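What follows is a short report on a single structure.
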Amino acid sequence: SVLTNIMGTPYFPTDWQNKILYLEDVGEQIYAVDRMMSQLQLGGVLEQISGFIFGKCSDCDPGGAGGYGSLTLEEVLDHYLKPLKIPAFSGSMIGHISDNFTIPNGIQAKMNANDGTFTLLNPAVR
């Protein structure tokens, strides 16, 4: 939600080529995640990235009357990512969870979507 909220501002990143986009959220309903993914697609971000990792979505439940008729988070992500034919996986230990992994922005990394792993290729600090 933070990333899509800064679209159109000077703080939004402009270079998405050869980047792995990683996201997580907390307290969002699935329809809101769908809206945010649509915004990233319409803004041209998804077409430029080389990989996608989704962490945990804590307290992210389907909206509506008890969630009836809502897509799952996995169905929403598949809708936007499968047509891109890029490596992508969800369930990474990033997010608003007690046992999380911190990812520094801007360093080289590689990912293996089949194994659900990513590796930082440079030290985050020297």
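Observations
- DSSP beta bridge pairing in the chain, given as percent antiparallel to the nearest 5: 30 percent
- Size of charge dipole - the chain - debye, nearest 20, with Cβ of Lys, Arg +1 and Asp, Glu -1, no other charges: 480 debye
- Normalised per residue, the volume of the convex hull around the Cα set of region 1-43 (Å³): 77 Å³
- Separation between Cα centres of region 34-50 and region 77-126, rounded to whole Å: 17 Å
- P(r) for region 83-126, from all Cα pairs and a bin width of 5 Å, is 5, 18, 24, 26, 18, 7, 1, 0 %, short bins first.
- Rounded to the nearest 0.05, the FRET efficiency derived from the C-beta distance between V125 and K19 at R0 = 30 Å is 0.90.
- Vicinal HN-Hα couplings computed from phi for region 115-126 (Karplus, 6.51 cos²θ - 1.76 cosθ + 1.60; Hz; Gly/Pro x): 8, x, 10, 9, 10, 7, 9, 10, x, 6, 9, 10
- Taking every C-alpha pair closer than 8 Å and separated by at least 6 residues, the mean separation divided by the residue count of the chain gives a relative contact order of 24 percent.
- Between the Cα long axis of helix 30-42 and the first principal axis of the chain there is an angle of about 50°, rounded to the nearest 10.
Any read-out appearing in this document is the output of simple, stated calculations on the displayed coordinates, not a laboratory observation. This is a predicted model, so every value here is computed, not measured. Methodologically, a virtual Cβ is constructed for each residue, glycine included, from the backbone with ideal geometry; neighbour enumeration extends over all protein chains shown.
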